[in-house]
1. Show the residue pairs meeting these rules: Cβ distance below 7 Å; 6+ apart or different chains; first residue within the range A:93-106 and open to solvent by 20 Å² or more (accessible area, probe 1.4 Å); second residue polar (S, T, N, Q).
2. Scan the range B:10-22 and give yes if some residue there is open to solvent by 40 Å² or more (accessible area, probe 1.4 Å), farther than 20 Å from residue A:34 by Cα and without any contact (Cβ under 8 Å) to a residue 40 or more places away in the chain, otherwise no.
3. So, in the range A:81-92, exactly how many residues are in contact (Cβ under 8 Å) with a residue 40 or more places away in the chain and either in a loop (DSSP other than H, G, I, E, B) or open to solvent by 30 Å² or more (accessible area, probe 1.4 Å) (or both)?
4. For the list (1) over 18 Å from residue B:7 (Cβ atoms); (2) within 14 Å of chain A (Cβ to nearest Cβ), I need the number of the one condition that residue B:80 fails.
5. Taking residue A:45, is it in contact (Cβ under 8 Å) with a residue 40 or more places away in the chain and either out of contact with any strand residue (DSSP E or B) (no Cβ under 9 Å at 6 or more places or on another chain) or surrounded by fewer than 19 Cβ atoms within 10 Å (Cβ to Cβ) (or both)?
6. State whether the residues of the range A:14-22 include one that is in contact with a Ser or Thr (Cβ under 6 Å, 6 or more places away or on another chain) and within 22 Å of residue B:42 (Cα to Cα).
7. Within the range A:63-72, is even one residue open to solvent by 70 Å² or more (accessible area, probe 1.4 Å), without any contact (Cβ under 8 Å) to a residue 60 or more places away in the chain and in contact with a Leu (Cβ under 7 Å, 6 or more places away or on another chain)?
8. I'd like to know if the range A:25-35 contains one or more residues that are in a strand (DSSP E or B), over 24 Å from residue B:29 (Cβ atoms) and away from chain B (no Cβ under 14 Å).
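The values are calculated or read from the model by the stated rules, or taken from the named source; none is laboratory data. Worth saying up front: this structure is predicted, and the values here are computed from it rather than measured. We place every Cβ from the backbone using ideal geometry, glycine too, and count neighbours over all the protein chains shown. Note: areas computed on protein heavy atoms with side chains; ligands, DNA, RNA excluded. Shrake-Rupley method; radii C 1.70, N 1.55, O 1.52, S 1.80 Å.
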Amino acid sequence: AQSVAQPEDQVNVAEGNPLTVKCTYSVSGNPYLFWYVQYPNRGLQFLLKYITGDNLVKGSYGFEAEFNKSQTSFHLKKPSALVSDSALYFCAVRDDTGFQKLVFGTGTRLLVSP
Amino acid sequence: DAEITQSPRHKITETGRQVTLACHQTWNHNNMFWYRQDLGHGLRLIHYSYGVHDTNKGEVSDGYSVSRSNTEDLPLTLESAASSQTSVYFCASSRPGQGVYEQYFGPGTRLTVT
């Protein structure tokens, strides 16, 4: 069975600094990995996904994620954080069996201070 | 524009009552999912459907049921509401097929069972 770990409940970063939100996964076979963002009182919004190929995936709002197969990680990154990036971030994984259901991590709250 | 809606957005009910949460999508997606979001647990899959008349149990399906009579709707029913079912519920949908597709989420329903 697949699983996702987000080891940090909260990440604090100053505006303008780079940010990293960590995610590690466990899955049989090839992993398909996703990042979602949730703003207060809203549903989840898709940011980016990794299927295959280039280990650096670019997504919405300037976010990118780095896939590392040997470390089974898929960390979310942004070169320069904005206060408006403050939100709850979820990593998710599915396997390559063809079934579309996702397994989500517990989420990491990102706080960007002015 | 296509969208996914949930109703009601907020619901307070009493223990033992039957409650139905509605989910309607205009994406014409075959795949639909119900999740609950709880602090410390992230999103957990309750039920999912890959098409009309298809339903499947997720990891936390006890006490919940779904039915799929058309492509657009997947209502979630709590047969006899319990305080442990106080949560925020999200519906999602995704494209069918063997590809790797992101899920689109509704705005959520906050359910309180007293």
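1. Between residues of the range A:93-106 that are open to solvent by 20 Å² or more (accessible area, probe 1.4 Å) and residues that are polar (S, T, N, Q), the close pairs are A:95/A:2; A:95/A:28; A:96/A:30; A:103/A:2; A:103/A:3; A:106/A:6.
2. For the range B:10-22, residues open to solvent by 40 Å² or more (accessible area, probe 1.4 Å), farther than 20 Å from residue A:34 by Cα and without any contact (Cβ under 8 Å) to a residue 40 or more places away in the chain: absent.
3. 3
4. (2)
5. Taking the combined requirement at face value, the residue does not satisfy it.
6. For the range A:14-22, residues in contact with a Ser or Thr (Cβ under 6 Å, 6 or more places away or on another chain) and within 22 Å of residue B:42 (Cα to Cα): present.
7. Yes.
8. So far as the range A:25-35 goes, yes, one or more of its residues are in a strand (DSSP E or B), over 24 Å from residue B:29 (Cβ atoms) and away from chain B (no Cβ under 14 Å).
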